[in-house]
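Below you'll find the structure, written out as C-alpha cells, and then a few comments.
Read-outs throughout are calculated quantities, based only on the coordinates presented, and are distinct from any laboratory measurement. Quantities reported herein were computed from a predicted structural model and do not represent experimental measurements. Here the Cβ positions follow ideal geometry from the backbone for every residue, glycine too, while neighbour counts run over all protein chains shown.
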Amino acid sequence: MRKLLIPLCALFLLGCDNDTLPKPKAYLRLKYPTATYKRVNPPVPFSFEKNELANPITKIKNTENGNSYSVDIEYPKLKGTIYLTYNKVTSDNLKELLRDAQNLTQKHTQKADEIETNLFENAEKSVYGTYYEVGGNAASQSQFYATDSTNHFLNGSLYFYAKPNYDSIYPAAIYLSNDIKRIMETLEWKE
C-alpha cells in the first residue's frame, strides 16, 4: 500500500495547476480637485486668472528701473510654484527677451526626453507667445512666454520642490500645465 500511496501523493501534488504569480505593480492614483479660476489683478502691468487652489500671489518685486516685475504663484499641496517674470519691452530689447526665454527652455534639453512646442495667439487681447511642455526629468516641466511685441513681455516657468522624477510628478505637472495655459488664455495687459 505504501508503494501505491507515495506515487499517488506525488501525482496529486504535481497535478495541481495553481501557478504562483507575482503581485501586479500598483500605480499611485492622484486625484486633484476640479480647477476653479478667478481673476487676479496684482499691482503689475498685467492681470490673469489663477486657480483658487494656489496660494495668493506671494512675491511681487519691482526692479530699480521699474521695467521688471516678478510674481510667484505657489501650490503648497502640489509642492510647486509658477514663476512669472514681466519685462517692459523697449525699442531694443525684444530680441534679447525672446532669445533668453527660448534659451531657458533649451537648457533643459540635457535632461528632457522631449520638448513639445505650442504657439499661442489671442489677437483680440494682443497676446502672442509660445508654450513649452518638457517631458522627462528636467528641472522645469512647463515654460512659456507671451508678449504684445511692443510694450509687454511675460515669461513663466513651473518648478517643483523636489528632485525631478517625471513619473512621480507627472500628475501634478499635467494639472499645473493646465493652469499655465489658463494664465496665457486670460492674460490681459494694462496700459
Just name one of THR81, THR117, TYR132: the one whose Cα is farthest towards the positive end of the charge dipole of the stretch 59-191 (beta-carbon charges, Lys/Arg +1, Asp/Glu -1).
THR81
To the nearest 20 Debye, how big is the dipole of the stretch 83-191 about its Cα centre, given +1 on the beta carbon of each Lys and Arg and -1 on that of each Asp and Glu?
320 debye
